[in-house]
Each structure stands twice: as C-alpha cells, then as structure tokens.
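Below is one structure; the comments refer to it alone.
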Amino acid sequence: MTPRTRVYRDGKLAAEGFPVDDVSEHLRDENALVWFDLCAPEPDELKVIGEELSLHSLAVDAAIDFDQRPKLVRFEKHLLLTCAAVRFDPDSGDVSASEVVAFITRNALVTVRRSDEFDIDEVLRRWDASADLTRYGVSYLLYGLLDYVVDTHFDAVQALDSELDSLEDRIFDDRPQEKQVQRRTFQLRKSLLTLRRVVLPMREVVNSVLRRDLHTLNEAMSPYFQDVYDHVLRVTEWTDSLRDFVGTILETQLTVRGNRLNVIMKQVTSWAAIIAVPTAVTGFYGMNVPYPGYGHWSGFIASLIIIAVMSVGLYVLFRRKEWI
C-alpha cells in the first residue's frame, strides 16, 4: 500500500503525500516535524527505514513480528510504542484488534500498521481538528494517536456493556432461549477477555508517557495526556466490572434455570395429584367384592361426584398456592 506522509513547519502543515525517499531531506531541518505511515510493509523495507532513522534492531523486529503486548520501550535515540485499536462486532459478538507500532524520535513519528483495519484516517482527522497543537512537536502527533486508540477501547467496552444488559433481559424472558443465551454469554466473555488483554497494559503505556525522565513529552501537552490517562482508567475499571458482571450473569442463569425447574416440578406434581383422584376412585369401585351402590346407578353417580369434588378441590388448592 502507498505510504502516507506529512511534514509540519512552524506549527503548520507544509506538505503531505510526498515520497518516503524525501523523508531524510525533511529530517535534516531541525524545525520540521515529520510523520509517515506504512501499512503491512515488507521486512526489507522496514530494515532500510530502520537504518535511515537509526532505529534499534529490536524495535524493527517488533514491527516485523507484531503480536506484541501494548508497551512503551525506551531506546537510546528513540521510543517504541506498540498498541492496538479494537472494534466490536455486535452481530458475531467478537472483538477484533488492529495493531500499530510507532517509532518516536525527537522530530518524527513513524507508524507501522499490520493492516488497513487500523483507521489511520481517523487519526489524521484528530490531528487536523487540533491543528493549533502542532507547535508542540511530536507530542502532538503522539497524543492524537493514543487518543484514537483509547477511544476505540472506550467504544468497545461501552458496546459490550449494552450487549450484556440486553442479555440479562433475555434471561428473564417468559420464553427463554437458554442455548442461545448461554452461547452469547460465553462469546461475550471471550471478547471481554480479548479486550482486557489490550486495555490493561495501556495504563502503564500512558503513565510512562507522562514520566518526565523520558524527555519526549512537551510540558504543555501534559493536560491532554492526563485526559487520555483518565479515559484509560475508566476503561480499565469498566472492563473489570464487566468481567464480574459476566460471572453474575452465568450464576443468574443457573439460578433462574433451577427456579424454573422447581416451578415445573410443582406443576407436574399438582397435575399428577389431580389425575390420581379418578384413578383411585375408579380403582376402588372396580373391586370384585360388593360395595355400597354395587350394581346400582347410585354407585356410578356417587363415584362421579367424588371424582369431580376431589379433583376440583385439589385444583383450587394448588391454584391458590400458585402451583398451577
């Protein structure tokens, strides 16, 4: 895919869409702020860029391999940032992560995406919406990137919360679909674990950016990064609470199933008791010995009356106890 490039000078966008080969020329200008993006680059291409920007070999390997835990690593001449944006699919209930690796130097930010699922255009829109912050250099670019990533985490956990709320309502439905609810619960639980693996390390990442000893953060950008850190804390706490909520839903499912089974047992027992009345009466009158009313219509009528009175009586009794 075609690399995306930009250069800022004096707090303004000076050029964009220029070839990557011109990056070295722009970097010679100490007042220039350069950004370029690579999507699914070849390893040889990354190694050439690493040599051009004096990137550490371990940092380049991280961009080649991906599947890295979100982290911020300090090298001698640059920082390495690895993180992932997430997206929740309400139809399947899956959470997908799109990784990005960023190399941060004094006056340049290089982003390497695993695929175009990471919406770099949204990052550009955030940079353009806060163009007045360009004067703060690479801190401004890093803020826009982290702000987008953390916002995707926030949107995903909010969508998961809504799905779990609707799932809770389905548990108490008059016509429960236990298999579908159970399958959906475990799918959302799996997605929540995926989200948690991405979200939890971000607290350490943003906290590391706020550290003064890294000397990468412009002091004027501290409030903005602090706002991102607050969002990270909210997402982390929300994720932990949803994990407990999923456990509560599973326990509630078992409890509701047990209660429904008790109600069914009451109903079956009640109807069995009512059906036992005519069985007992007709069995008594079917004995091969004389009994009151034997051989007369009065015996037949008496048996019918006994069956009707006792069956209706039992039905009324069970109805009052709400067993039927």
What is the number of the single condition among (1) of a type in the set (Val, Ile, Thr); (2) surrounded by 14 or more Cβ atoms within 10 Å (Cβ to Cβ); (3) within 36 Å of the chain's Cα centre (by Cα) that Val23 does not meet? (3)
What number goes with the only condition from (1) in contact (Cβ under 8 Å) with a residue 60 or more places away in the chain; (2) under 21 Å from Leu146 (Cβ atoms) that Leu46 does not pass? (2)
Checked the range 54-74 for anything more than 20 Å from Arg211 (Cβ to Cβ) and not β-branched (Val, Ile, Thr); matches are Ser54, Leu55, Ser57, Leu58, Asp61, Ala62, Ala63, Asp65, Phe66, Asp67, Gln68
Right, Glu25: free of Cβ contacts under 8 Å to residues at least 60 places away in the same chain and closer than 23 Å to Leu81 by Cα or not? no
From (1) under 26 Å from Ala156 (Cβ atoms); (2) in contact (Cβ under 8 Å) with a residue 24 or more places away in the chain; (3) among the β-branched types (Val, Ile, Thr), pick out the condition that doesn't hold for Val73. (2)
Being at pLDDT 75 or above and surrounded by fewer than 12 Cβ atoms within 10 Å (Cβ to Cβ) is the filter here; which residues of the range 281-303 pass it? Ile301
Exactly one of Leu46, Leu38 is assigned by TED's automatic domain parsing to the domain that holds Val232 and either closer than 20 Å to Tyr143 by Cα or in a strand (DSSP E or B) (or both), and that residue is Leu38
Count, please, the residues in the range 92-106 that happen to be in a loop (DSSP other than H, G, I, E, B) and surrounded by 17 or more Cβ atoms within 10 Å (Cβ to Cβ). 2
Any residue in the range 106-113 that is in contact with a Gly (Cβ under 9 Å, 6 or more places away or on another chain), in the same structural domain as Phe75 (by TED's automatic domain parsing), modelled with pLDDT of 90 or more and not small (Gly, Ala, Ser)? no
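A quick yes/no check of all residues on (1) buried (at least 16 other Cβ atoms within 10 Å of the Cβ); (2) of a type outside the set (Val, Ile, Thr); (3) over 29 Å from Asn218 (Cβ atoms):
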{"site": "Pro90", "(1), (2), (3)": "no, yes, yes"}
{"site": "Ile120", "(1), (2), (3)": "yes, no, no"}
{"site": "Trp127", "(1), (2), (3)": "yes, yes, no"}
{"site": "Gly144", "(1), (2), (3)": "yes, yes, no"}
Is there a residue being surrounded by fewer than 23 Cβ atoms within 10 Å (Cβ to Cβ), over 10 Å from the mean Cα position of the chain (by Cα) and not in a helix (DSSP H, G or I) anywhere in the range 158-172? yes
Could you go through the range 54-61 and let me know if any residue there is assigned by TED's automatic domain parsing to the domain that holds Tyr224, at positive phi and not hydroxyl-bearing (Ser, Thr, Tyr). no
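Condition first: assigned to a helix (DSSP H, G or I) and either farther than 19 Å from Leu38 by Cα or not β-branched (Val, Ile, Thr) (or both). Now tell me which residues in the range 53-91 satisfy that.
Within the range 53-91, Leu53, Ser57, Leu58, Ala59, Asp61, Ala62, Ala63, Asp65 meet the criteria.
The values are calculated or read from the model by the stated rules, or taken from the named source; none is laboratory data. Fair warning: this is a prediction, and the values are worked out from it, not measured in the lab. In this analysis, Cβ positions are derived from the backbone assuming ideal geometry, glycine residues included, and neighbour counts consider all displayed protein chains.
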